[in-house]
Amino acid sequence: MPDTLLATDNGDFDTVPWTRREIEQQPETLQATQTLLAADRTGIEAFVAPLLARPDLRIVLTGAGTSAFAGECLAPWLSKLLDRCVEAVATTDIVSAPLQNLRRETPTLLVSFGRSGSSPESVAAVDLVDAHVDEAYHLVITCNAEGDLAQRSNANTKVVILPEATHDRGFAMTSSFSAMMLAALSILGGIEALDARASAIAAAVSDSIARAEPVIERLARRNFKRVAYLGSGVFQGLAREAALKMMELSDGAVVTCFDSALGFRHGPKTIVNSETLVVVFVANDPLTRLYDLDIIEELRGDARCGEVVVISAQPADGAEITIAGMTQAADVDLLFPFVVPAQLLGLRVSELLGLTPDRPNASGTVNRVVQGVRIHATPA
């Protein structure tokens, strides 16, 4: 059964996976997301500004799977920007151990990411925060206007529904991931500040797609059995997301891991052999970048990897994929173009394995919206 049938100019139909379309539409969906936020700037700021003015406010970024990793990418950056602790705590952790993760007497803003907004843990996490935090507020960022979270607007809740195109139809989250991440960065970091950078981010994503395609085709055809993604700072969360994309889209046929540049030496480096591809996201931050370059030099010097691939914004790094026009960009802005090669690699590997990228899990035991979760009562 074809993934997607698209009419061509001559009236014929081509089969194009939704996953490919959703990767390639990101320059447009990012711009559309920022435009939507700018249009609702008054309402968003009326909700967020008084909360951010409170020094006692705890901010928790939450979601499951890819949605959780969006929070992991942003938490270090937002902590520095807002001069407060911003935590990434997955809904799966909140639901399974709420009394360990919630603080009753600490005012809390829960920022919920959800492509569908209907996964059992997403809904349960909101309910648990309301039940176990005396003063709870919710910022819901979702791609689905019909989802459960989208219906929860009240005085303590602001719901932001992203453009319909971001509600990915493919199994693996791609444009939904980048759009939700941009939305949170804009809302919490300042919509006006993001306005000045949104076009450059979108242009960098477009450049990344173009530059990555030939590299990805070559790498995918090498049939690596293992892939390790490394990134430091904000890129550690991105490395985790990249590893998940490959695992999902290959239906587990490719073994993956993720780590920081420094952490990789402490055991995970044992994954390296002649059938291992290591991808390193190189930071623009001058100090962080030095550690990234050190692990690249070490891995190439060991001569045990199948290949080491570098993704960077700095031409001096001699990267296989260099993102143009971003040499002075903040690392958080590089998240968006850097994720593209990982998405494309997962997609192309899936295709070469003979899988259906929009539904790669042949057994049907893993679903686009998670199923089979039982929510158990929390002890008083």
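If I go through region 232-250 residue by residue, how many of them are in a helix (DSSP H, G or I) and among the polar types (S, T, N, Q)? Selection size over region 232-250: 1.
Among the residues examined, F113 qualifies as aromatic (F, W, Y) and under 26 Å from P50 (Cβ atoms). Over 24 Å from V205 (Cβ atoms) and assigned to a helix (DSSP H, G or I) - does that describe any residue in region 302-309? For region 302-309, residues over 24 Å from V205 (Cβ atoms) and assigned to a helix (DSSP H, G or I): present. Restricted to strands (runs of 3 or more DSSP E) entirely inside region 1-67, those with at least 3 residues that are at pLDDT below 95 are 5-7, 13-15. Per this entry, A172 is not counted among residues that are surrounded by fewer than 22 Cβ atoms within 10 Å (Cβ to Cβ) and either among the aliphatic types (A, V, I, L, M) or touching a strand residue (DSSP E or B) at 6+ places or on another chain (Cβ under 8 Å) (or both). Filter region 334-356 down to the residues that are of a type outside the set (A, V, I, L, M, F, W, C) and assigned to a helix (DSSP H, G or I), then identify the one that is farthest from F281 (Cα to Cα). Out of the qualifying residues, it is E351.
Kindly evaluate A330 against the criterion of being within 18 Å of G233 (Cβ to Cβ), of a type in the set (A, V, I, L, M) and at pLDDT 95 or above. Taking the combined requirement at face value, the residue satisfies it. Select from region 251-300 the residues that are over 19 Å from the mean Cα position of the chain (by Cα), hydroxyl-bearing (S, T, Y) and not in a helix (DSSP H, G or I) and list them in ascending order. S274, T276, listed by residue number.
The values are calculated or read from the model by the stated rules, or taken from the named source; none is laboratory data. It should be emphasised that the depicted structure is a prediction, and the values quoted were computed from it without experimental measurement. Cβ sites come from the backbone with ideal geometry, for glycine too, and all protein chains shown count toward neighbours.
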